[in-house]
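Peer 1: The structure that follows is given in the form of structure tokens.
Any read-out appearing in this document is the output of simple, stated calculations on the displayed coordinates, not a laboratory observation. Keep in mind that this is a model prediction, so the values were computed, not measured. As a convention, Cβ positions derive from the backbone with ideal geometry for all residues, glycine included, and neighbour counts pool all protein chains shown.
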Amino acid sequence: MSKFDFSAEYLQAAQININWQLLDNKTVMITGATGLIGKYLIEVLLMRNRLRGLHTRIIAVGRNKEKFRARFKDVEDSEHLVFYCHDVQKPFDDFKERVDVIVHMASNTHPKLYATDPIGTEMSNILGTYYLLQLAGANKGCRFVFASSGDIYGDNRSDKEFIEETDCGYINCNTLRAGYIEGKRASEALCNAYREAEGIEFVIARFCRLYGPTMQLSDSKAISQFINKAIEKQDIVLKSKGTQTFSYLYIYDAVTALLTVICNGVDGQAYNIADNDQALALKQLAGILAEIGESKVVFDLPDEIEHKGASTFQNVKLDGRKLKSLGWESVVDMKEGLRYTVEKIRELI
């Protein structure tokens, strides 16, 4: 990978080679707008407006306006960014504006919330997808984009090193943790149902594990906890043997991949958002961040809530070749991305 310019990442993302006509001068609704991906995606779209003199209108959907203001304080006054206060678990009956693209990313996305808000975890996906597909159906030609997860494959117990979009591993669906996975799976099935019954065009982005400076410090995923410890120059706490292997991406690569899927993805298809060269064991990740944080890796047992929400998967390495066939390439080296994330968040807090 070539040296990446972190100081101009929004600018670079706003100029990638994709079919931007699907987004330029259109109205784009984004749920989960204050999240790791939503925050970054909105910044990129606003940057493209400024760069090209465009008028892409962004409707950011969330439940908390104060959180929105805190996350977008530098761009909140943009004429192209509107906050719509709404819980996606409820119908959009009062929403009357025309929308051209809906990107559904509203979901609990980390173990603590899986354990403490299990119903909301499942229903923000299932009900949220249902109501947003209805909204898409009311806007002829609207393209629906569902943010799914590599977790939907389950644990890879085959001889294959990487999981392709048509594979399926093992899932114990009779667990609390399964609510997140089954919510994503049911939502993908709903997309297909609405395509068949209502003719709605959709694409699915199945994300691997992500990181970057737009992450929220309350996130309880292992990588987020490791980054928080590195920021504070504290020991990295590993609550397992650390042999679990996952795919990872820096947020720039994740968002340029998402934009590629939105604009270049084939109707009705799902794409792994991952790079085959960026998969490693949890203990390796902990070691990298311990080095960045000038600390060491220590071992501890998870508490009750952490245990309830934790993944038991051992091998979820996603095959990104289908995504690459759309023209996408990862450009951020993982060690550089992790180091920048730690340093940038240190500046912000």
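Peer 1: Using the Kirkwood formula over every pair of different C-alpha atoms, what hydrodynamic radius in Å results for the stretch 33-137?
Peer 2: One over the average 1/r among Cα pairs gives 14.7 Å for the stretch 33-137.
Peer 1: Can I ask one more? Sort Phe95, Phe83, Phe202 so the one with the fewest other Cβ atoms within 10 Å of its own Cβ comes first.
Peer 2: Placing the least packed residue first, the sequence is Phe95, Phe83, Phe202.
Peer 1: Per DSSP H run of n ≥ 4, the term is -39500 (n - 2.57); total these for the chain, divide by its residue number, and report the mean residue ellipticity at 222 nm rounded to 500 deg cm²/dmol.
Peer 2: Dividing the helical sum by the residues of the chain leaves -12000 deg cm²/dmol.
Peer 1: Once amide H atoms are placed 1.01 Å from N in the peptide plane, what residues at a sequence separation of 5 or more from Gln314, or on another chain, have their amide H within under 5 Å of its amide H?
Peer 2: Hits under the 5 Å cutoff: Asn156.
Peer 1: Follow-up question, since we're still on this one. May I ask you to list the trypsin sites (Lys or Arg not before Pro) in the stretch 177-234 that are in a DSSP loop and have at most 13 other Cβ atoms within 10 Å of their Cβ?
Peer 2: Those satisfying the criteria are Lys233.
Peer 1: Right, another one. Taking N as the number of residues in the chain, what value does Rg over Cα atoms divided by 2.2 N^0.38 Å take?
Peer 2: The reported ratio for this selection is 0.94.
Peer 1: One-quarter of the Cα convex hull surface for the stretch 97-156, in nm²? Can you show the working numbers first?
Peer 2: Values: hull surface 19.8 nm².
Mean projected area for the stretch 97-156: 4.9 nm², to one decimal.
Peer 1: Dipole of the stretch 7-102, Cα-centred, from +1 at each Lys and Arg C-beta and -1 at each Asp and Glu C-beta, to the nearest 20 debye?
Peer 2: 60 debye
Peer 1: Efficiency by 1/(1 + (r/R0)^6): what FRET value for Glu198 and Phe299, r their Cβ-Cβ distance, R0 = 56 Å, to the nearest 0.05?
Peer 2: Efficiency at R0 = 56 Å is approximately 0.65.
Peer 1: Moving on to the next point. By per-residue mean of other Cβ atoms within 10 Å, what is the highest-first order of 27-33, 259-265?
Peer 2: On the way: 27-33: 24.7, 259-265: 23.0.
Result, highest mean Cβ count within 10 Å first: 27-33, 259-265.
Peer 1: Can I ask one more? Charges only on Cβ, +1 for Lys and Arg, -1 for Asp and Glu: so what's the dipole of the stretch 98-237 about the Cα centre, in debye to the nearest 20?
Peer 2: Around 340 debye, computed over the stretch 98-237.
Peer 1: Which GluC sites (Glu not before Pro) in the stretch 1-103 pass both tests, a DSSP loop state and at most 15 other beta-carbon atoms within 10 Å? The partial results should precede the final answer.
Peer 2: On the way: sites: Glu9, Glu43, Glu66, Glu76, Glu79, Glu97; in loops: Glu76, Glu79, Glu97.
Sparse-neighbourhood loop GluC sites (Glu not before Pro): Glu76, Glu79, Glu97.
Peer 1: Contact order normalised by length for the stretch 1-157, with contacts defined as Cα pairs under 8 Å and 6 or more residues apart; what percent is it?
Peer 2: Numbers: 204 pairs, mean separation 35.2, N = 157.
Computed value for the stretch 1-157: 22 percent relative contact order.
Peer 1: List the extent of the Cα atoms of the stretch 141-226 along each of their three principal axes, largest first, rounded to whole Å.
Peer 2: 44, 35, 26
Peer 1: Hey, rough spin-label estimate for Asp277 and Ala186, points 7 angstrom out along Cα→Cβ, what's it come to in nanometres?
Peer 2: In this crude spin-label approximation the distance works out to 4.0 nm.
Peer 1: Follow-up question, since we're still on this one. I'd like the Kirkwood hydrodynamic radius of the stretch 82-190, using the inverse of the mean 1/r over distinct C-alpha pairs, in Å.
Peer 2: Values: mean 1/r = 0.0659 Å⁻¹.
With all distinct Cα pairs of the stretch 82-190 included, I get 15.2 Å.
Peer 1: Cα centroid distance between the stretch 243-260 and the stretch 47-101, in Å?
Peer 2: Using only Cα atoms, the two centres lie 24 Å from each other.
Peer 1: Please report the equivalent ellipsoid semi-axes of the stretch 11-69, computed as sqrt(5 x eigenvalue) of the Cα gyration tensor, largest first, in whole Å.
Peer 2: Largest first, the stretch 11-69 gives 21, 12, 10 Å.
Peer 1: With a 10 Å Cβ neighbour count serving as the proxy for reagent exposure, in which order, fewest first, do His104, His55, His86 appear?
Peer 2: Working: His104 28, His55 12, His86 18.
Ascending number of Cβ neighbours within 10 Å: His55, His86, His104.
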